[in-house]
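The values are calculated or read from the model by the stated rules, or taken from the named source; none is laboratory data. Owing to the predicted nature of the structure, the values given are computational and were not obtained by experimental measurement. Cβ placement follows ideal geometry from the backbone for every residue including glycine, while neighbour counts extend to all protein chains displayed. Protein only, heavy atoms only, side chains kept; ligands, DNA and RNA dropped before computing areas. Shrake-Rupley method; radii C 1.70, N 1.55, O 1.52, S 1.80 Å.
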Amino acid sequence: KAGVTQTPRYLIKTRGQQVTLSCSPISGHRSVSWYQQTPGQGLQFLFEYFSETQRNKGNFPGRFSGRQFSNSRSEMNVSTLELGDSALYLCASSLNRYGYTFGSGTRLTVV
Amino acid sequence: GESVGLHLPTLSVQEGDNSIINCAYSNSASDYFIWYKQESGKGPQFIIDIRSNMDKRQGQRVTVLLNKTVKHLSLQIAATQPGDSAVYFCAENIGGSNYKLTFGKGTLLTVNP
């Protein structure tokens, strides 16, 4: 079966712009989580959605937001981009709270 | 200023040797643990998981050991191969209404042919 699909794979944006990243979970998985990975901070949790509801949120500023659609696909948005937002953004899906499967990520570069 | 990268522990082994990667987790309330492998330019790949009601779980060439007394997790890879070279992360989940994974900083495994 198809894995977790993240688009786009690479993005280059300018400071102050906004960006939207997309994640399609494994078919049947209703939980989608987002993580930010940087060399300095490692893997950090952004938020988690289940049935279109955000159940958990990490310690990130309000510029980071997300949503989930009725088909479980999820998007995350970062507004007013800063240089420090350059990172690999990873999406993970799970059937319940076990067995999180990650996508290949979106590499965001802010210049 | 320039951010400093995480100083990753490293483990270098010879092909065919067994590897042991260790992880100290942070929360005694965590009840679910996962090991991931991440190769350069890719997302984390699930290797094996274990729930807190178990001490040991085996997969294909991998074994995870859980010591809840000292909050320690280890991943054993048998007959390590060059394709096993990657960064390995442990992750913990507290459970209940908490649906996030907390990751360790990772260990870089290098397998020498």
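Some notes on this structure:
- Near A:Gly66: Cβ cut-off under 14 Å, other residues only, Lys/Arg at +1 and Asp/Glu at -1. The net charge is +3.
- By DSSP, the beta bridges lying fully in chain B are antiparallel in about 85 percent of cases.
- Distance distribution P(r), the protein assembly as shown, all Cα-Cα pairs, bin width 10 angstrom from 0: 8, 32, 36, 20, 4, 0 percent.
- With θ taken as phi - 60° and the Karplus curve 6.51 cos²θ - 1.76 cosθ + 1.60 applied, the whole-hertz 3J(HN,Hα) list for region B:51-58 is 9, 5, 7, 10, 9, 8, 8, 10 Hz, x standing for glycine and proline.
- Annotation: per residue accessible area for chain A equals 46 Å², rounded to a whole number [probe 1.4 Å, protein chains only].
- Under-5 Å amide H pairs with A:Ser31, H placed in peptide plane, nonlocal only: A:Ser94
- Among the listed pairs B:Lys56/B:Lys100; B:Lys68/B:Lys105; B:Lys42/B:Lys68; A:Lys13/B:Lys42; B:Lys37/B:Lys68, those beyond 25 Å (Cα-Cα): B:Lys42/B:Lys68
- Within the accessible surface of region B:1-111, defined with a 1.4 Å probe on protein heavy atoms only, the carbon and sulfur portion equals 47 percent.
- Mean-position separation - Cα centroids, region B:16-30 and region A:1-24, in angstrom: 31
- Over all pairs of different C-alpha atoms in chain A, the reciprocal of the mean inverse distance, the Kirkwood hydrodynamic radius, equals 13.8 Å.
- Note on chain B: dipole from Cβ charges, positive end direction compared against B:Thr110, B:Ile20, B:Pro82; the farthest Cα belongs to B:Ile20.
- Dipole magnitude of chain B about its Cα centre (Cβ charges: Lys, Arg +1; Asp, Glu -1), debye to nearest 20: 300
- One quarter of the surface of the convex hull around the alpha-carbon atoms of region A:1-46 equals 4.5 nm², the direction-averaged projected area.
- Burial order of peptide ranges B:92-101, A:89-98, A:66-75 (average beta-carbon count within 10 Å, highest first): A:89-98, B:92-101, A:66-75
- Check: the protein assembly as shown dipole with +1 on Lys, Arg Cβ and -1 on Asp, Glu Cβ, in debye: 500
- Per DSSP, loop trypsin sites (Lys or Arg not before Pro) in region A:7-54 with at most 14 further Cβ within 10 Å: A:Arg9, A:Arg15
- The orientation-averaged projected area of the convex hull spanned by the Cα atoms of chain B comes to 8.3 nm².
- Peptide-level mean, for B:92-104, of C-beta atoms on other protein chains within 10 Å: 5
- The amide H of A:Ser86, built 1.01 Å from its N in the peptide plane, has A:Val110 as neighbours under 5 Å, considering only residues 5 or more places off or on other chains.
- Assigned charges on the beta-carbon of Lys, Arg, Asp, Glu; region A:3-86 dipole about Cα centre (debye): 60
- Alpha-carbon radius of gyration plus Dmax, which is the widest Cα pair, for region A:62-111 in Å: 12.8, 38
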